[in-house]
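The values are calculated or read from the model by the stated rules, or taken from the named source; none is laboratory data. All values derive from a computational prediction rather than experimental measurement. A quick note on method: Cβ atoms are made from the backbone with ideal geometry, for glycine too, and the neighbour counts reach across all protein chains shown. Just the protein is used for accessible areas: all its heavy atoms, side chains included, with ligands, DNA and RNA removed. Shrake-Rupley method; radii C 1.70, N 1.55, O 1.52, S 1.80 Å.
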Amino acid sequence: MVGEMIFRFLDTVKMFIDQIKADINEENLNELINAIQGAKRIFVMGAGRSGFVAKAFAMRLMHLGYNVYVVGETVTPRIDKEDVLIAISGSGETTSVVNISKKAKEMIGSKLVAITGNPNSSLAQMSDVIVLIKGKLKNEINDELSQIAPLGTMFELMSLIFLDGLVAELMRIKNLSEKDLAERHAVLE
């Protein structure tokens, strides 16, 4: 049947979203929101597709009025103690993400938020706040899921969906409307 894999994929995404909703810990969510709200500046990072998720989240944070930077961009300034680094890595072992996070945490003293699928990872172990996003990690073996969502697809999608939900929550907290966000939207495009 044409479209069979698409329907299987969409059903799987729905199942993973339901799991994220069930797993949300209110205390952990408050820690995440407080880290963002209390930061002078927000730095986000990830490698590969997780990096794309980080950039999408950074754009929305900018639309919300936060002072936000993407690690690795040429206009990204030095991170300070009053800042927060949000690091996205499904495995929590991505070399570049772990090394940069370690530097921000240990050398600078910045607050560190890990968005990961691995609560026992190097990234999670050094973080102040851990957001656990369950999804098949790229090195996890699951033959059925690998057919419809290879490598880290589910982690990346679920991270994006969770972070977009967080944007809606931050909009509510800051009492902002879509019109407020649109006023910060790029016009040079």
In whole percent, the fraction of accessible protein surface over segment 44-83 that belongs to carbon or sulfur atoms, probe radius 1.4 Å, stands at 55 percent
For segment 101-138 and segment 1-45, distance of Cα centres in Å
16 Å
Excluding same-chain residues fewer than 8 positions from LYS40, which lysines have a Cα within less than 28 Å of its Cα?
LYS55, LYS81, LYS102, LYS103, LYS105, LYS111, LYS174, LYS179
Angle in degrees between helix 26-38 and the longest Cα principal axis of the chain, rounded to the nearest 10
40 degrees
Cα axis of helix 49-63 to longest principal axis of the chain: angle in degrees, 0 to 90, nearest 10?
50 degrees
Taking the Cα centre of the chain as the origin and placing charges on Cβ (Lys, Arg +1; Asp, Glu -1), which of ALA168, GLY152, GLY38 is farthest toward the positive end of the dipole?
GLY38
Residue-normalised value, i.e. accessible area per residue, for the chain at 1.4 Å probe, in Å², stands at 56 Å²
Taking the Cα centre as origin and putting +1 on Lys and Arg beta-carbons and -1 on Asp and Glu beta-carbons, what dipole magnitude results for the chain, to the nearest 20 debye?
480 debye
In the chain, what percentage of the DSSP-assigned beta bridges are antiparallel, given to the nearest 5?
0 percent
Under 17 Å between alpha carbons, and skipping anything fewer than 8 positions from LYS134 in its own chain: which lysines qualify?
LYS14, LYS21
Exposure rank, largest accessible area first [GLU183, GLU82; 1.4 Å]:
GLU183, GLU82
Which order do you get for VAL44, VAL70 if you rank them by accessible area with a 1.4 Å probe, largest at the top?
VAL70, VAL44
Which FRET efficiency value, to the nearest 0.05, do you get for ALA168 and LYS81 by plugging their Cβ-Cβ distance into 1/(1 + (r/R0)^6) with R0 = 30 Å?
0.55
Angle, helix 153-174 long axis vs. longest principal axis of the chain, Cα atoms, 0 to 90°, nearest 10?
40 degrees
Tell me what the chain gives for mean residue ellipticity at 222 nm when only DSSP H runs of n ≥ 4 count, each as -39,500 (n - 2.57), the sum divided by the residue total, rounded to 500 deg cm²/dmol.
-15500 deg cm²/dmol
